[in-house]
1. Search segment 266-294 for residues being over 34 Å from the mean Cα position of the chain (by Cα), among the acidic types (Asp, Glu) and in a helix (DSSP H, G or I), and hand back the single one that is surrounded by the fewest Cβ atoms within 10 Å (Cβ to Cβ).
2. Enumerate the pairs (first residue in segment 382-398 and over 12 Å from residue 442 (Cα atoms); second residue anywhere and hydroxyl-bearing (Ser, Thr, Tyr)) with beta-carbon separation below 7 Å, excluding pairs fewer than 6 apart on the same chain, so at least 6 apart or on different chains.
3. Considering 263, 350, which residue is touching a residue at least 40 places away in the same chain (Cβ under 8 Å) and either open to solvent by 10 Å² or more (accessible area, probe 1.4 Å) or under 30 Å from residue 482 (Cβ atoms) (or both)?
4. Looking at 774, 756, which one is open to solvent by less than 20 Å² (accessible area, probe 1.4 Å), over 28 Å from residue 393 (Cβ atoms) and in contact with a strand residue (DSSP E or B) (Cβ under 7 Å, 6 or more places away or on another chain)?
5. Under 6 Å by Cβ, and 6 or more places apart or on different chains, what pairs join a residue from segment 458-474 that is touching a residue at least 60 places away in the same chain (Cβ under 8 Å) with one that is aliphatic (A, V, I, L, M) and open to solvent by less than 50 Å² (accessible area, probe 1.4 Å)?
6. For residues in segment 391-406 being buried (at least 17 other Cβ atoms within 10 Å of the Cβ) and more than 18 Å from residue 346 (Cβ to Cβ), which is modelled with the highest pLDDT?
7. Being of a type in the set (A, V, I, L, M, F, W, C), over 24 Å from residue 704 (Cβ atoms) and either under 18 Å from the mean Cα position of the chain (by Cα) or in a loop (DSSP other than H, G, I, E, B) (or both) is the filter here; which residues of segment 778-815 pass it?
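The values are calculated or read from the model by the stated rules, or taken from the named source; none is laboratory data. The model shown is predicted, which means the values in this text are computed figures rather than measured ones. Glycine gets a Cβ as well: all are built from the backbone with ideal geometry, and neighbour counts include every protein chain shown. For the accessible areas, the whole protein counts, side chains as well, though only heavy atoms, and no ligand, DNA or RNA atoms are used. Shrake-Rupley method; radii C 1.70, N 1.55, O 1.52, S 1.80 Å.
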Amino acid sequence: DDEDDDDDDDEDNEEEEEEEEEIIELQGKELKNRVMLLEKVITYFVFDYTRRGLLDADKLTVVSMMAIKILVRAGQVTLEERSILINAPPDPQPPTMPESAKSWLTETQWAQLKTLETLDAFKKGGKLTESLEQDGLGWKRWYVEEKAETADLPRSVRDLGPFHRLFLLRILRPDRIGAALTEFITSNLGGEYVEQEPFDMEKCFLESTNLTPFFFVLFPGVDPTPTIEALGRKLGYTESNGKLVNISMGQGQEKVALDALHKAANGGGWIMLQNIHLMQDWLKELERGLEIVEEFAHDDFRVYLTSEPPGPMQGRLWDLIPEPILQRCIKVADEAPTDLKSNLRRAYSKFSQENIDACLKPKEFKATLFALCFFHSLISGRIKFGAQGWSKKYPFNDGDLTICGQVLKNYLNNAEALGTDVPWPDLRYIFGEIMYGGHITDPWDRRVNNTYLSVLITPELLQGANLAQNFKSPDASKLEYTHYVKYIEERFPPEVPQMFWLHPNAEIGFLTNQGIAIFKTISEISGGGSAGGSGDIAEAQPIITAYMGQLPPNLDMIEIRGRLKEEDYTPFVIVSLQESDRMNLLLSHMRSSMIELELGISGALNVTDGMEQLAKDLQANKVNGLWAEKAYPSLKLLSAWFADLLLRVDQCVEWTKALTLLKSIWLSGLFNSMSFLTSNMQVSARYYNLPLDFMTNRCRFYNTRDLNEITGVPERGVNVHGLFMEGAGWEDGKGEEEGYITESKMKDLHPVMPICNIYSVHIDEMDWTAMYHCPVFSTSLRGATFIFQANVRMDPDELEERWTLAGAAMLTQDD
């Protein structure tokens, strides 16, 4: 026994010696390389874990934020550079912009470029603004490049590295920011940060324990159930052997779900709770149930939760699902591709050969069903073009499509039984006004929806009509279900905006908004990203001084009204007084809030949350929320918004000085443009002794944009200027002929419209021949900023549907 004990001791000593020998101390370069490798591996694994639960739209934002943070910590990027890249603040007092640059640069962009001159990287080739003035041709050549992120830069900034090139793109070409950031991250962190492998359930399962549920975000065309069931079969968990329980949540399932949860936890089973977003009142009980089963859960126990993402009106995911549930889960957001071809493939997969066989008019059914699926794909894909596509994000879903397919079959069977033709108008009405139209709240969006149906759901489908550019409706008499599936795969053309009937400019607008949104999100998450990182309110003082120095005094309303006799109060004069009163309210609030902030900075007043927010907004070049409440709809950054405000004040001063109608009113400069246009109808109704309710405004565009060419007030109605076209262009007329709406010019997103004469007529006199019913909005957000419907002349050979589907509208502000 003693000998055995000695042998054991010897073996233990040998093992300890071996363990000691395995420990290798790294030093110098080897240690540094090892730490860098660990850092690289850990960074990627943490990001990859996070990315799996991100929506596709947020992945580039998160990795960009991380890449910039890594560069700051490594000392390769300063906090000042980070702040300027994120916020792009304009110089408060930039030099005058040269005339040569005014055709392609805005005042805000010019002021933002002036700010870049403070960075060392932009000092090497001389002053940026001077270079832009001297080498205007070189700068403009780069500016119009399709892929500006890879094109040669102008001579003075040719030595800029990839990071500092982002600054120029951020200011001058925001539509290329997405592509530039992708390239920058690939070269700095690696391609694996922007290229994600397909979701692997088995790999994900290895990361889980009995205490970490899975949370799947549901998307159209993606159902995690088959994936989970396939893994379950492999590991021995199926519904047939009782080890997998799948519960679709709904009324009456609350107790069933909690009982099944406890049973699975005890026995080491799997439980799926589907669509938990439908049971918001019960989710607190689920949260408590998950906490309780932690105490006794079997090692093999697993929970799978599924939920749809919140709709546009519901806010964020953690407002829908309790945060403690989300925090304990492995989150999976495996989105399906959203391109047009994928949408069509998915839409058509909702039907089968059995659906075709069940219809008594198979040829008509096949052709119309395929067009209906294409329509569904178009209206789903149009969302990405922002307000020019839809003014709101509507929740079109697969249920709308399948019900429409059922309605189509019933109507065609009925027509066959009665021996009548296909009721095309009835089908269009049911699809457009009831099924899909039931989601749509905006009348202009409803018009787009119905116009798509009017061009797609037609008898011409049976004669091989074009569904879109380079995509025909196939011959339904020769094709069956599988042939249509093959047709989608083999014959679908590359996706371009023209397939939606939109101009390529719509994609530039979409990419611009995407680029701006990335930096806006980073700014909001990082609390404004001030250079010092502490958000010191004293840093707002120079900006306050600049704005207070330019802020005009209030209009003297007592003096103005004192000049008016009772008979002077015409509708137009009343509008000028209303506008001036609202302007005074805004000016007073801006002045008092900036004075308060100055006193807070000096220590004379306690700093409030409102003061801190104003200081942050001033430093971030953002219009303060309380200012915006008292102002007018606008999407401009603060510097451009303030310059715009000064022009609005100038118009109020000029109008109240004259106290009569000006030769042309800057429609964009009014708080309430609609009231001015109503007053125009009031004046005409009184003059011609007509009922106001039957009056409407009619537009006629001159062939000039120069106010100096307008000699005085028009004989009839009012002259207005300041309108922009979106989604189309404008061709000026010759001589006295009025111009007409035409194709957009590339990269000219908001061409300036000529001065317009608006006069009122009785609705019976209104002639819409060769006219487009063009909505006019305050901003490119459209929707609630609608002002009025204008008549815009078209080429007599054109159809109005072209401009409707192109999203053509006029705006009173260029963002």
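1. The selected residue is 291.
2. 396/380; 396/436
3. Numbers: 263 fails: touching a residue at least 40 places away in the same chain (Cβ under 8 Å).
Selected residue: 350, the only one of 263, 350 that is touching a residue at least 40 places away in the same chain (Cβ under 8 Å) and either open to solvent by 10 Å² or more (accessible area, probe 1.4 Å) or under 30 Å from residue 482 (Cβ atoms) (or both).
4. On the way: 774 fails: over 28 Å from residue 393 (Cβ atoms).
Every option except 756 fails the conditions.
5. As it stands, the answer is 461/367; 461/371; 462/367; 468/499; 473/367; 473/461; 473/465; 473/467, since those pairs meet every condition given.
6. Here the residue is 391.
7. Keep residues of segment 778-815 that are of a type in the set (A, V, I, L, M, F, W, C), which gives 781, 784, 786-788, 790, 792, 794, 799, 803, 805-806, 808-811.
Now drop any that are not over 24 Å from residue 704 (Cβ atoms), which leaves 781, 784, 786, 799, 805-806.
Answer for segment 778-815, where residues must be of a type in the set (A, V, I, L, M, F, W, C), over 24 Å from residue 704 (Cβ atoms) and either under 18 Å from the mean Cα position of the chain (by Cα) or in a loop (DSSP other than H, G, I, E, B) (or both): 781, 784, 799, 806.
Rundown of residues vs (1) in a helix (DSSP H, G or I); (2) farther than 30 Å from residue 646 by Cα; (3) out of contact with any helix residue (DSSP H, G or I) (no Cβ under 6 Å at 6 or more places or on another chain); (4) at pLDDT 90 or above, yes/no style:
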site: 36; (1), (2), (3), (4): yes, yes, yes, no
site: 50; (1), (2), (3), (4): yes, yes, yes, yes
site: 90; (1), (2), (3), (4): no, no, no, no
site: 124; (1), (2), (3), (4): no, yes, yes, no
